[in-house]
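Novice: Please read through the structure below; I'll follow up with questions.
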Amino acid sequence: MDKLKVWLKGLLAATISAAASSITVYVSDPEKFNFDSGWDNLLSIIAISAIVGAALYLMKSPVPD
């Protein structure tokens, strides 16, 4: 059970880290990706980054037995 707990924490950390790093898009193009009118664009970038981060973590650390 401890291996699964550590693995889940790693997956969550990778997902949050990837999503948080996508905020740099907000800095690079604030007119298109912002919290007022570009919220949909920003959320899609955050979601895609989180999915990619989770997939990369799964490639490195598959589900434990």
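Novice: Determine the gain in length on full extension of the stretch residue 32-residue 59; use 0.36 nm per residue of separation and subtract their C-alpha separation, reporting nm with one decimal.
Specialist: The span from residue 32 to residue 59 would gain 6.5 nm if fully extended.
Novice: Treating the angle as unsigned and between 0 and 90°, give the value, to the nearest 10°, between the Cα long axis of helix 39-60 and the longest Cα principal axis of the chain.
Specialist: 20 degrees
Novice: Could you work out the helix-only [θ] at 222 nm for the chain, with each DSSP H run of four or more residues adding -39,500 (n - 2.57) and the total divided by the number of residues, to the nearest 500 deg cm²/dmol?
Specialist: It lands at -24000 deg cm²/dmol.
Novice: Treating the angle as unsigned and between 0 and 90°, give the value, to the nearest 10°, between the Cα long axis of helix 2-21 and the longest Cα principal axis of the chain.
Specialist: Approximately 10 degrees, to the nearest ten.
Novice: Would you order 24, 15 from fewest to most other beta-carbon atoms within 10 Å of each residue's own beta-carbon?
Specialist: In increasing order of surrounding Cβ atoms, one gets 24, 15.
Just so you know, all these numbers are worked out from the coordinates, no wet-lab data involved. Predicted, not measured: the structure shown is a model, and the values here were computed from it. Glycine gets a Cβ as well: all are built from the backbone with ideal geometry, and neighbour counts include every protein chain shown.
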